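A short reminder: the numbers here are calculations on the coordinates, not readings from a lab. For clarity, every value in this text was computed on a predicted model and none was experimentally measured. Ideal geometry is used to build each Cβ from the backbone, glycine not excepted, and the neighbour counts take in all protein chains shown.
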């Protein structure tokens with residue numbers, strides 16, 4: 001990303017997998033916390049999720065976290081054991097309606113297009129809107145029985161850029177709907193990686209592949225894209241190289257920001 005654009009943006013710190021930390025409107029937001037070491041996580045249906053690399057940092061490195069933006073609580077590659085423990089120390093977790101019930105105190109579920117107002121430390125508010133997401137190919141009613149409910153988020157506020165956090169979404173049709181309501185967006189934190197399982201949906205992607213991520217950036221008019229959810233797990237079938245190629249092919253390379261890893 002060109003330095004002239006990067007220096008104008010708020011920094012996003014990425015930890016591997018879907019986990020990223022950023023400050024926005026004076027509040028500190030963390031996406032899908034996953035800090036466990038490498039290992040195997042059995043999931044229903046006989047599948048196993050395998051983490052291959054440790055996170056870049058630990059919960060102790062985070063400092064204050066005001067809000068967790070959790071796309072869903074049912075898969076270990078989005079919320080693992082250490083991430084779940086971390087929620088107890090965070091004042092607010094925003095997630096799916098079902099996740100809000102399962103996680104209990106401190107968690108609030110957001111239905112599609114439902115918003116909450118969060119007080120900013122210096123006055124004013126940040127509006128966080130839950131936006132639709134589908135964790136797999138096809139219509140929601142066909143997908144959710146297998147992969148569960150997921151949610152994305154749009155953040156906005158007076159004098160603040162618009163931020164979209166996609167969560168585990170595979171639907172460009174939904175990205176179109178989000179762009180119609182909120183676009184263009186300044187920063188899109190896009191979950192990618194083309195995760196697949198041969199026995200699930202015929203091996204089709206459960207989240208955006210690299211070409212779809214580039215198309216999502218175009219649809220959103222995103223000024224900057226911070227990719228996450230493309231490394232550290234065996235079921236992620238496309239990584240940084242594929243993302244760079246896809247954005248280059250789309251003529252959008254200058255919009256990529258790989259985030260801080262320090």
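Points worth noting:
- Comparing mean-square fluctuations of 11, 184, 227 from a GNM of the chain with C-alpha springs under 10 Å, the top value falls on 11.
- Three-way shape label, segment 21-106, alpha-carbon gyration tensor, a/c 1.5: oblate
- Cα-based equivalent ellipsoid, segment 166-231: semi-axes from gyration tensor eigenvalues, Å: 22, 12, 8
- Rounded to the nearest whole angstrom, the semi-axes of the ellipsoid equivalent to segment 3-255, taken from the Cα gyration tensor as √(5λ), stand at 24, 22, 18, largest first.
- Working note: 222 nm ellipticity from helices only, DSSP H runs with n ≥ 4, each -39,500 (n - 2.57), summed and divided by the residues of the chain, gives -6000 deg cm²/dmol to the nearest 500.
- Between residue 262 and residue 9, the modelled label-to-label distance comes to 1.8 nm, taking each label 7 Å out from Cα in the direction of the beta carbon.
- Taken along the Cα-to-beta-carbon direction at a fixed 7 Å, the label points for residue 253 and residue 53 span 2.1 nm.
- Global geometry of segment 76-170, whether rounded, prolate or oblate, following the gyration tensor of its Cα atoms and the 1.5 cut on a/c: oblate
- Label point at residue 23 placed 7 Å out along Cα→Cβ; residues across segment 109-139 whose backbone nitrogen lies under 16 Å: 120-123
- A Förster radius of 25 Å, combined with the Cβ-Cβ distance separating residue 218 from residue 127, puts the computed FRET efficiency at roughly 0.50.
- The length gained by stretching the chain between residue 120 and residue 41 to full extension, at 0.36 nm per residue less their Cα-Cα distance, is 24.7 nm.
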